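Accompanying notes for the structure given below.
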Amino acid sequence: MTQTNPAPGMPQDGRPPLTLYLAAPRGFCAGVDRAIRIVELALEKWGAPVYVRHEIVHNRFVVDGLRAKGAVFVEELDDCPDDRPVVFSAHGVPKAIPAEAQRRNLVHVDATCPLVTKVHSEAARHHENGLQMVMIGHAGHPETLGTMGQLPPGEVLLVETVADVAGLVPRDPEKLAFITQTTLSVDDTAEIVAALKARFPAIVGPAREDICYATTNRQAAVKSIAPKIDALLVIGAPNSSNSRRLVEVGRAAGCGYAQLVQRAADIDWRALGDLRAVGVTAGASAPEVLVNEVLDAFRARFDTTVEIVETAVETVEFKVPRVLREPA
Ligand code: 0K2
Ligand code: SF4
């Protein structure tokens, strides 16, 4: 699909021509959309303030918007009062957190993405079958903490790189299974899985990838744009794992300049230099309004032709929890 976009009121003369390849899919996934709706519906149902444990998704613009509506973001359940509802973020929480909320009789709503919950269930099932888990993920990331926190300490061994596989000391190399964070690099993870299978031939893996459809699709779209462009901009936050992976995927696919930007004001125009073609995508937690802001910034400086590069069509939708579908 091709659109020529003269910015309203912008002179055509003097602006160099630029083709802007816009990745599709990009931006919000079904899990992010659901998590944000959960906070909005909780505010409608119970009024402000509604507490949210951790950023509901890793995007300051989203968080600030919900804060303005009455959400209060905290890192720990201890920071939530007993008499207000609390929402758990899309990334998931260790098992101890809902248990503690229950003990305190807190009204709590879990906005963990159902695809993250699926990984939690996998871990629990393997544990019941007597397998020790290897988790491929990033240390300290809330999703990794949440997934590892489904099982007792020591039951989940973390690996971040191929090199980490050599250092694993499992209880029984014949009784292992692996799971992954949902937002990893598809290619890097395949290498780690290959190393795990080479060292532990009996290791059990998921029937289908734990890396989710949204992560996979966004990375595939970047790969298809990379050969056409001089530079790639990924709209997303520095703490957004899936957004950072898109930058890495762009670089690995041959894009010499690939940069994460939170919004248009972050674009380093000098570093971009003389551009003929640029790629733009957005992480799963970055709202479309920020994509439009970036497009407008290009239109202001270049005679920009936007080419949408669609490599997949997404139709996934997740329902919000029943408590938010019922009247107050
Ligand atoms: O990519 P991250 O896991 O860091 O999280 P966000 O940027 O908030 O994106 C939403 C994904 C949440 C769970 O998979
Ligand atoms: Fe769910 Fe994937 Fe979105 Fe994470 S990135 S919230 S796992 S759909």
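Would you be able to tell me the number of residues in region 37-53 that are within 25 Å of I211 (Cβ to Cβ) and surrounded by 22 or more Cβ atoms within 10 Å (Cβ to Cβ)?
Initially, region 37-53 is screened for residues within 25 Å of I211 (Cβ to Cβ), giving 37-38, 53.
Among the residues that remain, those that are also surrounded by 22 or more Cβ atoms within 10 Å (Cβ to Cβ) are: 38, 53.
Summing the residues that are within 25 Å of I211 (Cβ to Cβ) and surrounded by 22 or more Cβ atoms within 10 Å (Cβ to Cβ) in region 37-53 gives 2.
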Open item on the list: Here is a check on your reading of the model: is A286 out of contact with any Leu (no Cβ under 6 Å at 6 or more places or on another chain), farther than 24 Å from E310 by Cβ and in the same structural domain as A24 (by TED's automatic domain parsing)?
Closed with: no
Task: Matching residues in region 113-144 - criterion: being surrounded by fewer than 17 Cβ atoms within 10 Å (Cβ to Cβ) and more than 15 Å from ligand 2 (Cβ to nearest atom) - done: A124, R125, E128, N129, G130, A139, G140
Open item on the list: With the structure loaded, tell me whether T315 is at pLDDT 95 or above and in contact with a strand residue (DSSP E or B) (Cβ under 6 Å, 6 or more places away or on another chain) or whether it fails that test.
Closed with: no
TODO: With the checklist (1) among the basic types (K, R); (2) within 13 Å of ligand 2 (Cβ to nearest atom); (3) open to solvent by 70 Å² or more (accessible area, probe 1.4 Å) in hand, flag the one item R34 doesn't pass.
DONE: (3)
Open item on the list: Restricting to region 218-252, and then to whatever is open to solvent by less than 50 Å² (accessible area, probe 1.4 Å) and of a type in the set (D, E, K, R), can you tell me which residue is nearest to ligand 2 (Cβ to nearest atom)?
Closed with: R218
Task: Given (1) over 17 Å from the mean Cα position of the chain (by Cα); (2) crowded, with 20+ Cβ neighbours inside 10 Å, index of the condition A190 fails - done: (2)
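I'm trying to understand the selection: among the residues of region 204-217, which are more than 16 Å from ligand 2 (Cβ to nearest atom), modelled with pLDDT of 95 or more and under 18 Å from T182 (Cβ atoms)?
So the first thing to find is which residues in region 204-217 are more than 16 Å from ligand 2 (Cβ to nearest atom), and the list is 204-205, 207.
Of the ones still in play, those that are also modelled with pLDDT of 95 or more are 204-205.
Hit for region 204-217 is G205, nothing else.
Whether any residue in region 68-87 is open to solvent by less than 60 Å² (accessible area, probe 1.4 Å), within 16 Å of ligand 2 (Cβ to nearest atom) and in contact (Cβ under 8 Å) with a residue 12 or more places away in the chain is what I want to check.
First pass over region 68-87, keeping only residues open to solvent by less than 60 Å² (accessible area, probe 1.4 Å): 70-74, 77, 80-81, 84-87.
Next cut, within 16 Å of ligand 2 (Cβ to nearest atom) only: 87.
Within this subset, residues satisfying the condition of being in contact (Cβ under 8 Å) with a residue 12 or more places away in the chain are 87.
Among the residues of region 68-87, at least one is open to solvent by less than 60 Å² (accessible area, probe 1.4 Å), within 16 Å of ligand 2 (Cβ to nearest atom) and in contact (Cβ under 8 Å) with a residue 12 or more places away in the chain, which makes the answer yes.
The values are calculated or read from the model by the stated rules, or taken from the named source; none is laboratory data. Bear in mind the structure is a predicted one, so any value in this text is a computation, not a measurement. Virtual Cβ from ideal backbone geometry, glycine too; neighbours counted across all protein chains shown. For accessibility, only protein heavy atoms count, side chains too; no ligands or nucleic acids. Shrake-Rupley method; radii C 1.70, N 1.55, O 1.52, S 1.80 Å.
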